[in-house]
Amino acid sequence: MTERRIRRFDAAALYAALDARRALLGLSWNQVAQQLWELSSELNSRRRDHPISPSTLTAMGTKPRTSCQHALFMLRWLDRTPESFLEGATEADPGPALPAAGRDRRLRWSLKLLYATMNEKRLADGLTWSDLATILGCSPNQLTGLRTAKFATGMDLAMRIVQWLDRPAADFVYPARW
């Protein structure tokens, strides 16, 4: 059996796509952040959450990384999938669509499901946490920490895990009311 190559999530390409759309629409980064937030306007109004910061977006230009939850805001605005930002992928190679979400919801990763699915396969494959961490290029603590993670992990790690599971990211993303 041939092992699939696990590709990194290209946050620099995500930033470039955001910036290209921003420029095309003639928007400032503040306006982009506002548009991202407005995608879930009913939920945000009800929860009185704080909006995504423009600096969260612009920081990706110099430090190309983002959390898995923040990436979903951006991907939703771009109408793109996480798989379309894997190293070597193109927009024409999108992968399965993310779930639809109305203004009363926002897309969220189910980290508990991601952890449970990963752990089940790890056990079935007879791997230790250290073995799996070596395969995924991270620390064992980053993997075991997903069991109790409340909000997010890095998008690159989330995408490495779904590739190892041979599942689309959409299997672990849902339209949430939080």
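The values are calculated or read from the model by the stated rules, or taken from the named source; none is laboratory data. From a predicted model like this one, the values you see are computed outputs, not experimental measurements. A quick note on method: Cβ atoms are made from the backbone with ideal geometry, for glycine too, and the neighbour counts reach across all protein chains shown. These area figures cover heavy atoms from the full protein model, side chains too; ligands, DNA and RNA do not enter into them. Shrake-Rupley method; radii C 1.70, N 1.55, O 1.52, S 1.80 Å.
From the list ALA17, ALA59, which one is in contact (Cβ under 8 Å) with a residue 12 or more places away in the chain and either of a type outside the set (Phe, Trp, Tyr) or more than 20 Å from ASP171 (Cα to Cα) (or both)?
ALA17
Looking at region 11-20 only, could you name the residues that are surrounded by 12 or more Cβ atoms within 10 Å (Cβ to Cβ) and over 19 Å from the mean Cα position of the chain (by Cα)?
None; the set is empty.
In the set THR81, THR66, THR58, which member is of a type in the set (Val, Ile, Thr) and over 15 Å from the mean Cα position of the chain (by Cα)?
Checking each option against the conditions leaves just THR58.
Just to be sure I understand, how many residues within region 30-41 are open to solvent by less than 40 Å² (accessible area, probe 1.4 Å), in a helix (DSSP H, G or I) and either touching a helix residue (DSSP H, G or I) at 6+ places or on another chain (Cβ under 9 Å) or over 19 Å from LEU75 (Cβ atoms) (or both)?
Number satisfying all stated conditions: 4.
When you scan region 78-90, how many residues do you find that are in contact (Cβ under 8 Å) with a residue 24 or more places away in the chain and open to solvent by 20 Å² or more (accessible area, probe 1.4 Å)?
Residues meeting the conditions: 6.
What residue, among those in region 62-77 that are touching a residue at least 60 places away in the same chain (Cβ under 8 Å) and in contact with a strand residue (DSSP E or B) (Cβ under 7 Å, 6 or more places away or on another chain), is most open to solvent (accessible area, probe 1.4 Å)?
Looking at the filtered set, the residue picked out is ARG65.
So if I check each of ASP93, ASP104, ASP166, which one is under 21 Å from LEU39 (Cβ atoms), surrounded by fewer than 16 Cβ atoms within 10 Å (Cβ to Cβ) and more than 14 Å from the chain's Cα centre (by Cα)?
Testing whether each residue is under 21 Å from LEU39 (Cβ atoms), surrounded by fewer than 16 Cβ atoms within 10 Å (Cβ to Cβ) and more than 14 Å from the chain's Cα centre (by Cα) leaves just ASP104.
Out of (1) assigned to a helix (DSSP H, G or I); (2) under 29 Å from GLN142 (Cβ atoms); (3) over 15 Å from the mean Cα position of the chain (by Cα), the odd one out for ASN44 is which?
(2)
Looking at the structure I just gave you, is LEU98 over 21 Å from LEU136 (Cβ atoms) and within 14 Å of the chain's Cα centre (by Cα)?
In short, yes.
Could you look through region 138-152, keep only residues that are more than 17 Å from THR117 (Cβ to Cβ) and free of Cβ contacts under 8 Å to residues at least 60 places away in the same chain, and pick out the one that is surrounded by the fewest Cβ atoms within 10 Å (Cβ to Cβ)?
Going through the qualifying residues, I end up with LYS150.
For region 111-133: of the residues being among the hydroxyl-bearing types (Ser, Thr, Tyr) and surrounded by 13 or more Cβ atoms within 10 Å (Cβ to Cβ), which is nearest to LYS63 (Cα to Cα)?
In this case the residue turns out to be TYR115.
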